[in-house]
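**Student:** The structure that follows is given in the form of C-alpha cells.
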C-alpha cells in the first residue's frame with residue numbers, strides 16, 4: 001500500500017503515507033514549509049510513533065526520510081529537515097526539568113516546576129519567630145510567627161503582632177541575627193504588578209512546622225482602579241504564618257501574610273510589599289514609622305454620592321469628584337488651617353484629588369511641611385488653605 005502512495009517528491013510521498021496511517025492510528029498532523037527547502041512539520045501521537053518505530057525498515061526503504069518523525073508522548077508540532085540525523089526511538093523520554101514542556105510558556109505562567117523553583121528561591125530566607133516564656137519556671141520557646149530575611153546583615157521582615165506585646169504595645173524583640181557569614185536574603189518584588197488570577201505561594205512556619213508551602217491565586221486587588229490595603233488570596237494560612245512572605249512565581253516577595261478569615265476557607269490576606277517597602281525605609285531612616293495626621297474625617301465622593309448630597313442640599317458644591325470632610329477634630333492641624341465640616345477637597349498639594357488615598361500618599365513623608373489645599377464649600381465657594389501635617393500620636 002505504501003509504494004502506491006509514493007510520488008516523485010519524497011516529502012509529499014512521506015506526508016501522504018503518514019496521512020494514510022492516520023486513518024488507522026490517528027493523532028498525526030502535518031504542515032509543509034512555504035520556503036523552497038524540503039522541511040516539514042509533523043505532530044505525532046505516541047501510539048503512531050510506536051507503530052512507526054516497529055516498521056522503521058519499511059519507512060527507511062520506501063520514504064527515504066529517516067528524520068521525519070520524532071515525538072514525545074502525546075505528540076508535539078515541530079520541524080525537521082531532510083538532512084537531520086535520525087532520532088533515537090526513546091528520545092522523547094527526557095529527564096525531568098529538561099523537557100520543553102517543563103518550562104512556562106511565558107513570564108508569569110505556571111510550569112511544572114514553577115512553584116518549586118519560586119519556593120527554592122525565597123525559602124532559605126524564611127525564618128521561624130518565637131519568644132521565650134517562663135520567667136519563674138522552666139524556660140521554653142513558643143512559636144508565634146514567621147519572618148523573612150531581607151538583607152545579608154540579618155534584618156527580618158515580619159508582622160508587628162509577632163514581636164510586640166498587645167497588652168502594653170511593648171517590643172519584645174530587638175536587634176538583628178548574628179552571623180559570621182552573609183545570610184540568605186529574599187528579593188523584594190512589586191505588588192503593583194500583580195493581577196487578579198496571578199499565582200502566588202505562601203511560605204512560613206505555621207503551628208511550629210518548618211518549610212510549609214501553600215499556593216493559590218490573587219483574588220482581589222480592588223475595584224475601579226483603587227488599590228486595596230490588603231491583597232486577598234486563597235493560599236492556606238494558619239496560626240504561625242503571620243509575617244511570612246507571599247511570593248510570586250519569580251521567587252520575589254510581593255506581600256507579607258498577616259491574617260485569615262476564621263469562618264471561611266481559602267480567604268487570607270497579605271500586606272502589599274509596595275506599602276511594606278515604604279515602612280522599611282522609614283524604619284531605616286527614623287528608627288520608627290512616622291504617620292502624618294491632619295485631624296480630618298474623610299469620605300470619598302462618586303457620582304451617586306454627589307447626586308444624593310445635591311438632592312438633600314441644593315447648595316452642595318458642583319463637583320464631579322473629590323473628598324468630603326464631614327468632621328474636623330478640634331485643635332488639630334486641619335482645624336488650625338481653617339477646615340470646616342462640609343468642605344470638599346478638590347486639590348491637595350497642587351494636585352487634583354480623586355480619593356482619600358491620594359491625600360494619604362501625598363502626606364506620607366510631608367510631616368512638618370506646609371501643604372496647599374483647595375476646597376469647595378456651599379454654593380461653589382472656593383477657599384485656599386494651608387495645612388501642616390503633624391506626626392500621629394498612637395495614644396491619641
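**Student:** Residue under question is residue 376, and the condition is that it be over 38 Å from the mean Cα position of the chain (by Cα) and part of a strand (DSSP E or B); does it hold? Give the derivation first.
**Tutor:** Numbers: over 38 Å from the mean Cα position of the chain (by Cα): yes; part of a strand (DSSP E or B): yes.
Taking the combined requirement at face value, the residue satisfies it.
**Student:** Within the bounds of the stretch 223-238, is there any residue that is crowded, with 22+ Cβ neighbours inside 10 Å, at pLDDT below 90 and either part of a loop (DSSP other than H, G, I, E, B) or over 18 Å from the mean Cα position of the chain (by Cα) (or both)?
**Tutor:** Scanning the stretch 223-238 turns up at least one residue that is crowded, with 22+ Cβ neighbours inside 10 Å, at pLDDT below 90 and either part of a loop (DSSP other than H, G, I, E, B) or over 18 Å from the mean Cα position of the chain (by Cα) (or both).
**Student:** Residue under question is residue 255, and the condition is that it be assigned by TED's automatic domain parsing to the domain that holds residue 188 and at pLDDT 95 or above; does it hold?
**Tutor:** For residue 255, the condition - assigned by TED's automatic domain parsing to the domain that holds residue 188 and at pLDDT 95 or above - is met.
Residue-wise test of (1) under 17 Å from residue 297 (Cα atoms); (2) at pLDDT below 95.
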| residue | (1), (2) |
| --- | --- |
| 339 | yes, no |
| 347 | yes, no |
| 351 | no, yes |
| 355 | yes, yes |
| 359 | yes, yes |
| 363 | yes, yes |
| 374 | yes, no |
| 379 | no, yes |
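**Student:** Also, quick follow-up: Does residue 367 satisfy the condition of being more than 34 Å from the chain's Cα centre (by Cα) and closer than 22 Å to residue 229 by Cα?
**Tutor:** So residue 367 does not fit the description; no.
**Student:** Still on this structure, please answer the following. Could you tell me whether residue 314 is more than 30 Å from residue 256 (Cα to Cα) and part of a loop (DSSP other than H, G, I, E, B)?
**Tutor:** So residue 314 fits the description; yes.
**Student:** If you check every pair at least six apart or on different chains, which have Cβ atoms under 7 Å apart with a residue in the stretch 260-279 that is within 12 Å of residue 189 (Cα to Cα) first and a residue that is surrounded by fewer than 20 Cβ atoms within 10 Å (Cβ to Cβ) and at pLDDT below 90 second?
**Tutor:** As it stands, the answer is 274/192, since those pairs meet every condition given.
**Student:** I've got another one for you. Please work out which one of (1) outside the structural domain of residue 203 (by TED's automatic domain parsing); (2) exposed (fewer than 13 other Cβ atoms within 10 Å of the Cβ) is the condition residue 261 fails and give its number.
**Tutor:** The failed condition is (1).
The values are calculated or read from the model by the stated rules, or taken from the named source; none is laboratory data. Just so it is clear, the model here is predicted, and its values are computed rather than measured. No Cβ is skipped: glycine too gets one built from the backbone with ideal geometry, and neighbour counts run over all protein chains shown.
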